[in-house]
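Colleague: Here's a structure for you.
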Amino acid sequence: MIATLIVAWIVFIILWKLLKATLKSALTIAAILILLNISFGITPQDIWHHVTQFAQTISQIQSGK
């Protein structure tokens, strides 16, 4: 019984830290996107387009085309 509670507490602490880190990262990314949109008019779609284009360029370089 005690061992079960200790394991449950450890799992809870790990999940809590993971949740905090995830939320912090998500809020940071959201803040950056909002600042880019307000400052320069860059939309998330523009950023996504460039990311996918970059990924395609990398795959073409690796395949030798």
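Colleague: Scan (1) in contact with a helix residue (DSSP H, G or I) (Cβ under 9 Å, 6 or more places away or on another chain); (2) assigned to a helix (DSSP H, G or I) for the single condition ILE42 breaks and write down its number.
Modeller: Among (1) in contact with a helix residue (DSSP H, G or I) (Cβ under 9 Å, 6 or more places away or on another chain); (2) assigned to a helix (DSSP H, G or I), the lone unmet condition for ILE42 is (2).
Colleague: What residue, among those in the range 1-12 that are aliphatic (A, V, I, L, M) and open to solvent by 100 Å² or more (accessible area, probe 1.4 Å), is modelled with the highest pLDDT?
Modeller: For the range 1-12, the residue satisfying everything is LEU5.
Colleague: When you go through (1) surrounded by 10 or more Cβ atoms within 10 Å (Cβ to Cβ); (2) more than 18 Å from the chain's Cα centre (by Cα) one by one for LEU15, which number turns out not to apply?
Modeller: Going through the list (1) surrounded by 10 or more Cβ atoms within 10 Å (Cβ to Cβ); (2) more than 18 Å from the chain's Cα centre (by Cα), LEU15 breaks only (2).
The values are calculated or read from the model by the stated rules, or taken from the named source; none is laboratory data. Computed from a predicted model, the values in this text were never measured in an experiment. With ideal geometry, Cβ positions are generated from the backbone for all residues, glycine too; neighbour counts draw on all protein chains shown. Ligands, DNA and RNA are stripped out before the accessible areas are found, and what is left, the full protein with its side chains, is counted by its heavy atoms. Shrake-Rupley method; radii C 1.70, N 1.55, O 1.52, S 1.80 Å.
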